[in-house]
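Below is one structure, written out as structure tokens; comments come after it.
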Amino acid sequence: MEDIGEGYFSIIADEFTDISNKEQLSIVLRWIDEELDPQEDFIGFFHIPNIAADTIATAIKDALQRLQLSMLHCRGQCYDGASNMMGCKSGVVKQIQNTQPKAYPNHCYAHSLSLSVKDMTRNGKLLSDNGYCQRNYHPH
């Protein structure tokens, strides 16, 4: 956190259910160093009691406070497209922007790509007719 200092950063977060069926939140901070190279630092996994937007936003704010990083320096947010994350009325995006309006939200490009590939393979006639999506690869 010393490297980020008073610089700007963005939040990358995603919730998931672990193998023991407990909700977890992963948080990563993205920032630019003095050489203008992008850096990403994994902050950690945080157990959360549920995936409600209030719970996630509180966990993110708490993690930043513990790291002594001010929300005033947050300039971006990156989440999946779920309504609890991206909801414009009460989602995590809105709750973070209530504290820092300059924290611009982005839909995670990896999630966007995953959704596109799923849609393409589901609706692509050539792929679905030939079973490319269902077959397992067996090397000879």
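Computed from the coordinates by the stated procedures, all read-outs in this text should not be read as laboratory data. Note that the coordinates shown come from a computational prediction; the quantities given were computed from them, not determined experimentally. For neighbour counting, all protein chains shown are included, and Cβ atoms are generated from backbone atoms with ideal geometry for every residue, glycine included.
Observations, loosely collected:
- Restricted to region 14-81, the set of strands (runs of 3 or more DSSP E) holding at least 2 residues that are within 18 Å of residue 93 (Cα to Cα) comprises 23-32, 74-79.
- Scanning region 19-45 for residues that are touching a Leu at 6+ places or on another chain (Cβ under 8 Å), within 10 Å of residue 9 (Cα to Cα) and aliphatic (A, V, I, L, M) yields a single hit, 29.
- Top-ranked residue in region 82-103 [being part of a helix (DSSP H, G or I) and among the hydrophobic types (A, V, I, L, M, F, W, C); ranked as nearest to residue 3 (Cα to Cα)]: 96
- Qualifying residues in region 19-57 (those that are free of Cβ contacts under 8 Å to residues at least 12 places away in the same chain and loosely packed, with under 12 Cβ neighbours inside 10 Å) - the one nearest to the chain's Cα centre (by Cα): 38
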